[in-house]
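Following: one structure in C-alpha cells, then a few remarks.
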Amino acid sequence: MGKADIYQVAKEAGVSISTVSRAFTRPELVSAKTRRKVLDVADKLDFNIFRSATALKSGQTYRVAMLMNEEITSWFNTQTFAGIESVMHPAGYDISLFQHIDTAANRHEFFTDLPIRRNVDAVFVASFAIDPHEVEQLQRIHVPIIGINTPSSEGFDATISIDDEKGMYTAAQHLINLGHKHIVYPCSEAAGLDSSIDARAQGFINACKDAEGKHDINWEVLSVPRGTAFADSALSALLAMDEFPDAICCQMDMMAIPLVLKLERYGHRTPRDYSIVGFDDSPYADTINLTTMRQDPYAMGRAAANKALTLISGKTLYDPHEVLEAQLVPRSTDIPFGEMA
C-alpha cells in the first residue's frame, strides 16, 4: 500500500488541506484538538509531511508515471525501471507503473483519467508511440512527456532511443558479410500498438535488398503471432521450411535464446549448421555465447530520468532527443558460411 498524501489526510480528518498543512507547519494557528486529530490520522496513514509540505509549496506531487506495453517483468522494462528509479528515488520521487497499455481499454482509461487526476509530475513512455489525441490529453496536465526507445520523438518533450532499424541492418549485414546464402528473419507480427522493435524488420529488409546484386543471397521474413508463445511459433515456422536456413537473424534475444536451445533437439546445432544473431544482449545471451546487438535500457532509463528532472525544474534541455547506436557483440554463434560442416 502506498503512503497517503495530504488530500487523504484532510478527507479522513474532516478538515481542509490548509488545516493539515498548518497543523504541521504553523501549529499555533490550529486548536490543540484539531491538531491532535490531524496528527493521529497522519500517523495512521503513514503521512510524510516533509514531502507533502514541499509539494504544497511547489505544486508538485513527487510522483511520476511509467507506461509500458507489456508487464514489468520483461527484461527491457525491468532494466528501464531500475534506471529511472536510481535517479528519481534519491530525488524524492515515487514511480507509478502502468502495465499493458497495449490494449484499447487500458489506453483509454489511462489517457482519459490522468488529466483529471493531475497526480504526476512527469510521464515516461517505454517502447511504444502515443497518438495525437493521447499527446493532447497528456499536455492538459502540463508535465513533461519523456519517451524511452519510442518509435519516434513526435509528441514527446524529450526522448532517448536506440536506432532499431540501423541496429538490425548491422546484424543482417554481419551475416551477409560472413557469406551466408539463405538468411531468415523470424519476428513477431506488428500489433495495433506501434512498438520500437517493429522497426527492426525494416532494417533487415533494407540490408538484404542492398546486398542483392553484390551477394548471392536468398532471404525471407517469417512473421509469427505476437504473444507468450512467439518463440515456439518461430521454431515451428523454421522447422516447416522446405530448406533450413544457414543463418537466422532474430528480432530479439528472447527469441534467439530458446531457438538455439530447441533447434539442437531437432539436429540443428549452431554454429555447425547455421549462424544466429540476436538483439538486446539480455540476460543469458552471454551464457550461451550468443552473438547479438547490445542496447543498455538501464542507462537509457537513467538518462530519461535526468531529462525529466531538468524539465520538471523548468530548465531547457540542451539535447532533448538522443538516438544511440546498438553495438554488435560477436560471440560464438556465427561463423563464415564456408567454415560450416
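General remarks:
- Residue match in the range 264-284 (condition: closer than 20 Å to F81 by Cβ, open to solvent by 30 Å² or more (accessible area, probe 1.4 Å) and either among the aromatic types (F, W, Y) or assigned by the TED database to the domain that holds P151 (or both)): yes
- Between A53, A82, the distinction of being open to solvent by less than 60 Å² (accessible area, probe 1.4 Å), aliphatic (A, V, I, L, M) and modelled with pLDDT of 85 or more belongs to A82 only.
- Residues that are in contact with a strand residue (DSSP E or B) (Cβ under 8 Å, 6 or more places away or on another chain), open to solvent by 20 Å² or more (accessible area, probe 1.4 Å) and within 18 Å of S223 (Cα to Cα) within the range 173-196 comprise E189, D194, listed in sequence order.
- Selection status of S195, closer than 26 Å to T80 by Cβ, within 21 Å of the chain's Cα centre (by Cα), at pLDDT below 95 and not assigned by the TED database to the domain that holds P271: no
- Options T170, T228: the member that is open to solvent by 20 Å² or more (accessible area, probe 1.4 Å), more than 21 Å from D273 (Cα to Cα) and assigned to a loop (DSSP other than H, G, I, E, B): T228
- Inspection of the range 291-308 identifies no residue that is closer than 17 Å to V184 by Cα, part of a loop (DSSP other than H, G, I, E, B) and touching a Lys or Arg at 6+ places or on another chain (Cβ under 8 Å).
- Options D319, D216: the member that is within 30 Å of Y93 (Cβ to Cβ) and open to solvent by 50 Å² or more (accessible area, probe 1.4 Å): D319
- With respect to (1) under 25 Å from Y298 (Cβ atoms); (2) at pLDDT 95 or above, the lone exception for I205 is condition (1).
The values are calculated or read from the model by the stated rules, or taken from the named source; none is laboratory data. Because the structure is a prediction, the values reported are computed rather than measured. As a convention, Cβ positions derive from the backbone with ideal geometry for all residues, glycine included, and neighbour counts pool all protein chains shown. Keep in mind that these areas ignore ligands, DNA and RNA; they rest on the heavy atoms of the full protein, side chains included. Shrake-Rupley method; radii C 1.70, N 1.55, O 1.52, S 1.80 Å.
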